[in-house]
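Everything below concerns the one structure shown next.
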Amino acid sequence: MKSDFQKLKWLGIWAALFMLAAPTVHAVGGSFAELVNQVQPKMVKLYGAGGLKGLESYQSGIVIAADGHILTAWSYVLDTEGIRATLHDGRSFEAEVVGVDPWLEIAILKIDVEDLPHFALDNAVTGRVGERVLAFSNLFGVATGSEPVSVQRGVISAVTKLTARRGVFQTAYEGPVYVLDAMTNNPGAAGGGLTNIDGELLGLLGNELKNRQNNTWLNYALPVAAIRESVEAMIAGRPQVPPEKNRLPVRQPIDLGKLGLGMVPDVVDATPPFVDAVASGSPAAEAGFAPDDLVLFIGDVLVPSIGALQRTCERIESGGTLRVLVRRGEDLKKLELHTEIPAAVPSTTGATTP
């Protein structure tokens, strides 16, 4: 990794060690150590995809229900079927992805266990500028089994939105954040929990973000109030498309091939919806699609496979503009595809077929 990253890494480790060695700080209702011990059982260490280009294969999570629902940051670590969740007592479970919200960059996982200590989102509180906070996370993957996650102490330095900073910070999230003076933007910290000094949940530590203008990292957390509705919808499994009996018949469904978008063959169960080719001069090319794009959402509907993508397109009438969210490398791209079929059907080799 780069030298500035190494400096941040060692500073983060020293900060975490200092926090663990400071039991004289008292919170309301008990000592700092007692507070930490109350929060630790609600934290999870997550392990998944990684290794390519030096990417870490771990991050953090928060238990938000006694039945094993886990809130975490949505990242490349979850792009695998072999996600493992390790609890505070060292027990390890295979975790299933229940849902993702790429606009908020959060995800919900589920493990098969009962009666877990957890944060109730309904009891979450709102943070204020100047308020002292604690950040719990498995930064740098220090904890692998029953070891406690790291704890950092800091202050909320600002409450702001990322909307006006889209050109500075590369993220799909545009909502409010708690900006922290603690160095929380470290590998593995994403998905960790932010609490006040009484151990009440304030927010979720976000993915690593670097300022393009001055190369500094943003230490931030997403307030629970900004993500609660999405979390509840994912846990409840609310359908993202209307039931068939309530849907109007589609006369001319969307045909991605006729719009110049060639997808990879549907050869295995749950084949990811990757773009294979884009026809030159087609509506897909004008929308900005590129080979190897991974289609994530069609409108507000998650499409985890080629089959799901095809079924979703069959339910949409051609002729309008379709909002599509794709992942290109490590970036998210919002594209608008005009779905009116052209007079000449484009070919993904660059030619057109009448």
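Taken together, the values in this text are just the output of simple stated rules run on the coordinates, not laboratory data. Keep in mind it's a predicted model, so treat the numbers as computed, not measured. Counting neighbours? That spans all protein chains shown, and the Cβs are built from the backbone with ideal geometry, glycine included.
Using Cβ counts within 10 Å as a stand-in for footprinting exposure, how do 274, 136, 297 rank, fewest first?
Lowest count first: 274, 297, 136.
Suppose the chain between residue 125 and residue 268 were pulled fully straight at 0.36 nm per residue; how much longer would it get relative to their current alpha carbon spacing?
Additional length available on full extension: 47.0 nm.
Which entries of 110/161; 161/210; 110/210 show an alpha-carbon separation above 19 angstrom in the structure shown?
110/161; 110/210
If the reach is capped at under 15 angstrom between alpha carbons, list the aspartates and glutamates near residue 45, excluding any in the same chain fewer than eight residues apart.
The qualifying aspartates and glutamates are 56, 89, 94, 96, 147.
Let me know the volume per residue of the alpha-carbon convex hull for segment 202-342, in Å³.
Enclosed volume per residue, from the Cα hull, is 156 Å³.
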